[in-house]
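In what follows, a single structure is set out as structure tokens and then discussed.
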Amino acid sequence: MKDLVREVRKIMKNNMWLVLSTANEKGNPQSSVIVYESDGNSFYFVTGKNTLKAKNMRKNNNVSVTIPFRINLLHKLIPAPPAELHFKAKAQFLERESEEVQTMLARILKYEEKSGVKTETVYVKLTPGKKIATHGVGIKLWQLRFPEKARNVVSFD
């Protein structure tokens, strides 16, 4: 199981986009594709202060995350759904000056400074819950069609 946990952390760090699902005040879902940075434990991203996701997370910081990815080059070439990580997370707004933002979003901050464009942005940290569901992690590509082999749950302690 330690190998699977290590593989999940590697996927978290090496990918760059995820699907973030939030709920509005009426409980209606809203999903967004976002670009993120990760240290293998948490996720960091920047969004506009007045976006739907930011408004939703201010009212309810419980979110759902899906990270789809391809297992290998062959997986990119065949018509098959991507492998995935799924989990619940807590959203937290961070100050631009915080050490986490400065470290994890350094590339984005440099771009913001160079562009000279003044936008109202917020900096968000997502902290996954203790369990992450996987589909297609640590298995051979052909095993994706067998749900009992393709699905697993990883516990982070």
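Tell me, what is the FRET efficiency for Thr127 and Glu148 to the nearest 0.05, using R0 = 25 angstrom and their Cβ-Cβ distance as r? According to the calculation, E is roughly 0.25.
Projected onto the charge dipole of the chain (+1 at Lys/Arg Cβ, -1 at Asp/Glu Cβ, origin at the Cα centre), which of Val19, Asn50, Ala91 gives the Cα projection farthest towards the positive end? The listed residue farthest towards the positive side: Val19. Near Lys125, once Lys and Arg are set to +1 and Asp and Glu to -1 for all other residues with Cβ below 13 Å from its Cβ, the sum equals -3. Computed 3J(HN,Hα) for segment 95-112, one whole-Hz value per residue from the Karplus formula 6.51 cos²θ - 1.76 cosθ + 1.60 where θ = phi - 60°, is 6, 4, 7, 4, 4, 4, 5, 4, 7, 6, 10, 3, 4, 5, 4, 5, 5, 4, glycine and proline marked x. Taking only Cα atoms, what is the 0 to 90° angle, nearest 10, from helix 2-14's long axis to the longest principal axis of the chain? Computed tilt is about 40 degrees.
If the chain linking Trp17 and Lys49 were pulled fully straight, counting 0.36 nm for each residue of separation and taking away their Cα-Cα distance, it would gain 9.6 nm.
Over the residues of the chain, the helix contribution to mean residue ellipticity at 222 nm works out to -7500 deg cm²/dmol, using -39500 (n - 2.57) for each DSSP H run of at least 4.
Computed over neighbours whose Cβ is under 12 Å from that of Gly40, the net charge equals +1, Lys and Arg +1, Asp and Glu -1. About the centre of its Cα atoms, the chain shows a dipole size close to 420 debye [charges on the beta carbon of Lys, Arg (+1) and Asp, Glu (-1) only; nearest 20 debye].
Computing semi-axes √(5λ) of the Cα gyration tensor in Å for the structure here picks out one of (1) 37, 17, 12; (2) 29, 18, 15; (3) 22, 19, 18, namely (2).
Using Cα centres only, tell me the gap between segment 60-74 and segment 76-151 in whole Å. Going from one Cα centre to the other spans 7 Å.
Bear in mind that the values in this text are calculations on the coordinates, not laboratory data. Fair warning: this is a prediction, and the values are worked out from it, not measured in the lab. FYI the Cβ positions are ideal-geometry reconstructions off the backbone, even for glycines, and counts take in every protein chain you see.
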